[in-house]
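For reference, the structure is listed below as structure tokens.
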């Protein structure tokens, strides 16, 4: 199990030695910062007007936290495939996988080391955005509970994206192909929930529940449901399972 | 130390290895020869556990690689053909990573990294990024990564390719110095390298072993005798061809002398018979010397035999 840590550290080294992480971090913070600003600005404008005309029935959760986390989840969907594309594809292209597989390492240690390495980078991305809830708390208007559940959802959903991207990157040595496939298929799992609107109840329920975004919406509303946590965890485990099988099918045929 | 028994491998419908068997004793350096595409790299990859053979078994240090992959891999040092490295890492960082993943940790890690850095002459570039190194240095980093766990078995796939003569010499010296302590398989198609470094040779062609011996025997078997004599040409060649052990005679006139190359069955010693016969016939024998074919000639002969 110490091998996981060794692989993880090397992954982080490579991420931070290249401009990838800095670029993605920059874009992520730029976009989510803009969304935060515009949501807060809109909220304050509306609450002034509401105070004048209707009386204050506006909550921070509904007007700032929910849309902000929703926007951030889209940015995460766009950016994470760019982090996961290199995980195995680059090793394959450079021929390093041949050497890695000759070392006394189990496939599962390799996969988990890479998964956790990428997850650490993602956690760092989210960490920097914690300034938004703190800023709101400092201004005296915060709903830390909803933020907490929202961030938990964002983290779980992102980790599911990473597990899926890890699997896709074992299939090709071309990083662009890996990124395009990961993004495309994740987007498909995302919008499949829309099919629920055009189908009848037993089937629409299925579409709703396999969609990645449905489960995330509960978190942004401040609801932590074990069913949603279970959904993302099984998605992660399934992704890692597929990764191991892809490695075995390609190299360890026996 | 290494036991390869009847391994076969197919890639789709194409069979790349047919019943390959050989063994390497502890401390031996085996030269693994063959033209491009003969199956050298495939065999080495099977030895490292990269993929399993479709038939046959591989044992290293008594352990079957299919059953105890981790135990076997602990004993291995592998230098793959294209020498993949992580260009964004420093030499020191990379070697430490490899040491740790091979289970060399703590104090032992620093000690082993220091040792291989010294052995492979990497002191000056130790803290440089690998992508900034010259080809020769990269090659040495590749060798250092194979050696860092002090492996019992070293598998080297064309380690001197693309180097300048001085670097080639240095790498060969390094490999030679390992003889006796480590079991080495050196895959190459540079033949002088094999004569200089190896104690045993396996020649493989189209996925089949065509020769297996030490370099001396391999070259001696294909020997012949060269003679310089003063004699009438027709009578002399007729006499030589009449000797039952002789298989082939080439003769040519050189001023007033005859130079003859006599190929014979290697299991017989025909030199005493020859000298006696020539002198008794009243001819003058000026030179008689046993000749060996070079490994190159043997190799080309073996590898082209079936094709012709």
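Comparing Cα centroids, the range B:228-264 and the range B:13-83 end up 47 angstrom apart.
Peptides A:112-120, B:256-264 ordered by packing proxy, namely the average of other Cβ atoms within 10 Å per residue, highest first: A:112-120, B:256-264.
With a Förster radius of 30 Å applied to the beta-carbon distance between residue A:198 and residue A:218, the computed FRET efficiency rounds to 0.85. Rounded to the nearest 10 degrees, the angle from helix A:107-128 to the longest Cα principal axis of chain A is 30 degrees.
Fully extending the segment from residue A:126 to residue A:23, taken as 0.36 nm per residue of separation minus the present Cα-Cα distance, adds 35.6 nm. If you plug the beta carbon distance of residue B:181 and residue A:248 into 1/(1 + (r/R0)^6) with R0 = 45 Å, you get a FRET efficiency near 0.80. What angle do you read, to the nearest 10 degrees and between 0 and 90, between the alpha-carbon axis of helix B:271-280 and the longest principal axis of chain B? With rounding to tens, the tilt is 20 degrees. The angle separating the long axis of helix B:107-119 from the principal Cα axis of greatest extent in chain B is about 40 degrees.
Considering only Cα atoms, the convex hull volume of the range A:1-252 works out to 144 Å³ per residue.
Hey, got the average number of other protein chain Cβ atoms within 10 angstrom for residues in A:11-19? Working shown, then result.
Details: counts 0, 0, 7, 4, 1, 1, 7, 1, 0.
Neighbouring Cβ atoms belonging to other protein chains average 2 per residue here.
Above 47 angstrom, tally the Cα pairs of the protein assembly as shown and express them as a % of all pairs, no decimals. For the protein assembly as shown, the share of Cα pairs beyond 47 Å comes to 37 percent. What distance in nm separates the simple spin-label points at residue A:188 and residue A:176, each placed 7 Å from Cα in the Cβ direction? Roughly 2.1 nm, to one decimal. The calculated FRET efficiency for the pair residue B:135 and residue A:152, based on their C-beta separation and a Förster distance of 60 Å, comes to about 0.75.
Cβ-to-Cβ counts within 10 Å put A:69, B:163, A:97, B:70 in ascending order as B:70, B:163, A:97, A:69, the fewest first.
FYI, it's all coordinate maths here, none of it is from the lab. Just so it is clear, the model here is predicted, and its values are computed rather than measured. Here Cβ is always computed from backbone atoms with ideal geometry, including for glycine, and neighbour counts include all displayed protein chains.
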